[in-house]
Amino acid sequence: MQLRKDPCGIFCVILIYASLVYADYALSRWMILPTFSDGLWAPVHIIIFNIILFLVVVSHSRTMLADPGIVPLNKSSEEKLRRSVPEYSDDESGSDNEIFLRPEEYVGEDWSVCTRCESFRPPRAHHCRVCRRCIRRMDHHCPWVNNCVGELNQKYFLQFLIYVGLCSGYAIFVIIHSWINHSDHGETGLKGPRGQSGHHIKVVHTIVLSMEALLFGMFVLAVSCDQLSAIFNDETAIESVQRRNRRSPRRSKRVSKISLLRGICGNGSIWTWLLPCTPSTFEREVIHFPSAPPHYDV
Ligand SMILES: [Zn+2]
Ligand SMILES: [Zn+2]
């Protein structure tokens, strides 16, 4: 469990939760109750909407608080490095005093050393400037979840997108339904707290709620398309940018789409992929660090 102390991320998270509270109030009080005042449909709609909101909150908090796949710092090597040279970099433009680490000699071939957090990182790990750590299979840092989206929390991020989309769609459905069956004479209908006419208040809530639902809905739809495209191409957003900068073609892999999805969502039943309550850990490659730091010849 961790919470990033990034002001932009914290502001976005507060904005999301405030939007959810407002949507719950406006939809229940000004759309559902006046429209479905007769019968059981009002509590049914309120319960369904609140279940979706609950799933949004759980998937969001799990994405925000879960470990996205932070690469542990290798303390022994770090200490060794600091004793040897005060500063180091694997930047080729550096001076003669720099140490060029060769992590392939002790952790594996494709591994590299981060020049910023000094961790030995496996392939596909990237450094996040906001989190100040290297993240395994980092896709991007998302201020809306105040965390990186990486190997271990991408599943929750996808769930968050799905439930926000569902929430937006349901809100729009209820808004349209409430205006089709609009009545100024309902029991709980368009009256303010002191019995005053609430027609204009419903209009204002309709405009604000519709804009909120459309903005969030379109946003998560666009991000979901990007996410699915990245998963099916087995290429994160960062890797895609790096590949385009190198002008190299996309790697073609003969891996089925369902296998790629399993790599993100785990090996359980497909239905459990939608549940934000399943454990975040599933079978994955374990990081093995060397028991002793390597020797350097300067
Ligand atoms: Zn790093
Ligand atoms: Zn990050």
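Derivation of every value follows stated rules applied to the coordinates shown; laboratory data play no part. The structure displayed is predicted, hence computed values, not measured ones. Note that we place each Cβ from the backbone using ideal geometry, even for glycine, and neighbour counts take in every protein chain shown.
A few points about this structure:
- Sequence of 160, 120, 49 once ranked by neighbouring C-beta atoms within 10 Å, starting from the fewest: 49, 120, 160
- Sum of side-chain charges, residue 68 neighbourhood, beta-carbon under 12 Å (Lys, Arg +1; Asp, Glu -1): +3
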